[in-house]
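The values are calculated or read from the model by the stated rules, or taken from the named source; none is laboratory data. Values in this document were obtained by computation on a predicted structure and should not be read as measured data. Cβ placement follows ideal geometry from the backbone for every residue including glycine, while neighbour counts extend to all protein chains displayed.
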Amino acid sequence: MLRYRIPAALVVSLVFLFCVWYDKTHESSILMSTFIGVGSMLVLTEFYRMVEAKGIRPMKAFGIIMCLALLYAHDRWCWEKWHTV
């Protein structure tokens, strides 16, 4: 299992560094927001799989929608706060 996690962590780290560099040089937050959104979805999906293995039935659709809504609200709030001149 570790032989899959190390290369995956390296790839994710490189993508993250690219997102940070791109957003800083182009003054845009869209790439970083997308990276965080996709990462959150993957983590949430994995969490739901572990919970279901224990016999608990989570409300997946509600959780995913709320996760994305909170990420979007935070992104818009930060954008307005940091980019007001």
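Give the range 22-51 a look and list any residue that's among the basic types (Lys, Arg) and farther than 19 Å from residue 74 by Cα, or say none.
Hit for the range 22-51 is 49, nothing else.
Of all residues in the range 35-53, those that are polar (S, T, N, Q) have Cβ atoms under 7 Å from Cβ atoms of residues that are at pLDDT below 90, 6 or more apart or on another chain, in 40/71.
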